[in-house]
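Shown next, in structure tokens, is the structure this report addresses.
The values are calculated or read from the model by the stated rules, or taken from the named source; none is laboratory data. No experiment lies behind these values; they were computed from the predicted model shown. FYI the Cβ positions are ideal-geometry reconstructions off the backbone, even for glycines, and counts take in every protein chain you see.
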Amino acid sequence: MSPDPKLLNPIELTALSGSELLVMMRRLNAAERTLSVYALAQLGEIDRRKLYKDAGFHSMFAYCVGELGYSEPIACRRLQAADAARILPEALSLIRDGRLTIYSLALVSKHLTGRNSSEVLKRIEGKSVRDVERIVAELAPRSDTRDLIRSLPSSTRVAAPLPAQPSVVLPAAETSADTPLGKPTAFPISWRPQKIMPLSAERAMFSFTGSEELRRVFERCRDLMWHKFPDGRYEDVFLELGKHYLKLKDPELLPDSRPKAPRVVETRFIPRWIKSKVYRRDGGRCVYVSPEGRRCEARHSLEYDHILPWARGGRSDDPANIRLLCRAHNQWAAEKAGLS
């Protein structure tokens, strides 16, 4: 199945209108999901027949990396998902329809049993990766990690990886309804450090690298909080700092009533009470709506935008003239208005 050569030519793509590109992308996305389903089904069948051996590879993992050109993380993910799909073929329909991702299926694959497989599949349907990670943490909770700060070599510029985890071998025999389904796997299942990793339904592990300045600031804050947190646990210190910042800056926590005697000043600056009212009115989400009626889902990188630009007489002290836009749509609106 070869794509239209025109689609691979950037010059041809530039001739398409914006609406044509968006329609084409939706079609390609649907076709990509369908092809992914076929690929998973075929991987499972090739594995069942051990055809990778005929191709000169000692394992399906080696075949995926050496023959198909998958990266090691993608190979792990695809094989785990293919294993789960062989036992739960209904998962393929969910992937094809866009209600389930291959990554989500791979995350839960090693926790599926004869007793919980259908229930778990229903729980992860339509969920984000972060939600699925929390579900996995509920299925297999882990203990908390210990507090740790350590110095790194001065040449280090990236986060130190988490301690290596051994490869996990799953039992092949189904001895009970609670035995994990699927065949043994000998490839690493934890292939990347995560910034926030759920450990259980209520606990998460945080891991990051910071500067010496951050160390000094953190330790100073911990010292100042000694009377309140004598144990000096990092969790307590960071939580207290976060709550304090939110109390000062979070639009959801700021008063949304107009000050009793506001100063009327012609300025681009948007008062805090305006920001709070607009944030709540817009639901803390970008308000851009596409011509097809789809609202942008961004809840981060939000900016307060003047509907009638301030440079053209738009007011900053009127909530009706202020809206929430993500940075991308704010810049796009400025470009359309000829202000950038």
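Odds and ends about this structure:
- For the stretch 76-124, filtering for residues that are closer than 22 Å to Ala137 by Cβ and among the small types (Gly, Ala, Ser) leaves 9.
- Subset tally (residues that are surrounded by fewer than 18 Cβ atoms within 10 Å (Cβ to Cβ) and not in a loop (DSSP other than H, G, I, E, B)) for the stretch 274-308: 6
- Residues that are surrounded by fewer than 12 Cβ atoms within 10 Å (Cβ to Cβ) and farther than 17 Å from Arg86 by Cα within the stretch 29-53 comprise Asn29, Glu32, listed in sequence order.
- Verdict on Asp83 being of a type in the set (Asp, Glu), in contact (Cβ under 8 Å) with a residue 40 or more places away in the chain and surrounded by 18 or more Cβ atoms within 10 Å (Cβ to Cβ): yes
- Scanning the stretch 260-292 for residues that are more than 16 Å from Ala320 (Cβ to Cβ) and at pLDDT 85 or above returns Phe269, Arg272, Gly283, Gly284, Arg285, Cys286, Tyr288, Val289.
- Counting the residues of the stretch 213-255 that are free of Cβ contacts under 8 Å to residues at least 12 places away in the same chain, more than 26 Å from the chain's Cα centre (by Cα) and more than 30 Å from Glu303 (Cα to Cα) gives 11.
- Lone qualifier among Ile87, Ile74 - being under 14 Å from Ala41 (Cα atoms) and of a type outside the set (Lys, Arg): Ile87
- Here Glu202 meets the list (1) loosely packed, with under 14 Cβ neighbours inside 10 Å; (2) in a helix (DSSP H, G or I); (3) under 29 Å from the mean Cα position of the chain (by Cα) almost entirely, failing just condition (2).
- Under the condition of being in contact with an Asp or Glu (Cβ under 8 Å, 6 or more places away or on another chain) and among the small types (Gly, Ala, Ser), the residues counted in the stretch 90-131 number 2.
- Test: residue in the stretch 73-80 that is in a helix (DSSP H, G or I) and touching a strand residue (DSSP E or B) at 6+ places or on another chain (Cβ under 9 Å): no
- Residue among Gly210, Gly232 that alone is surrounded by 13 or more Cβ atoms within 10 Å (Cβ to Cβ), at pLDDT 80 or above and either more than 30 Å from Leu121 (Cβ to Cβ) or not hydroxyl-bearing (Ser, Thr, Tyr) (or both): Gly232
- Beta carbons closer than 6 Å, at least 6 apart along the sequence or on distinct chains, never pair a first residue in the stretch 27-49 that is within 14 Å of Leu92 (Cβ to Cβ) and without any contact (Cβ under 8 Å) to a residue 12 or more places away in the chain with a second that is surrounded by 12 or more Cβ atoms within 10 Å (Cβ to Cβ) and not charged (D, E, K, R).
- Selection from the stretch 309-329 of residues that are within 20 Å of Cys286 (Cα to Cα), assigned to a helix (DSSP H, G or I) and small (Gly, Ala, Ser): Ala320, Ala328
- Filter pass, Ala320 being of a type in the set (A, V, I, L, M, F, W, C) and closer than 28 Å to Glu20 by Cα: no
- Residue check, Leu92 in a helix (DSSP H, G or I), under 30 Å from Phe206 (Cα atoms) and touching a residue at least 40 places away in the same chain (Cβ under 8 Å): no
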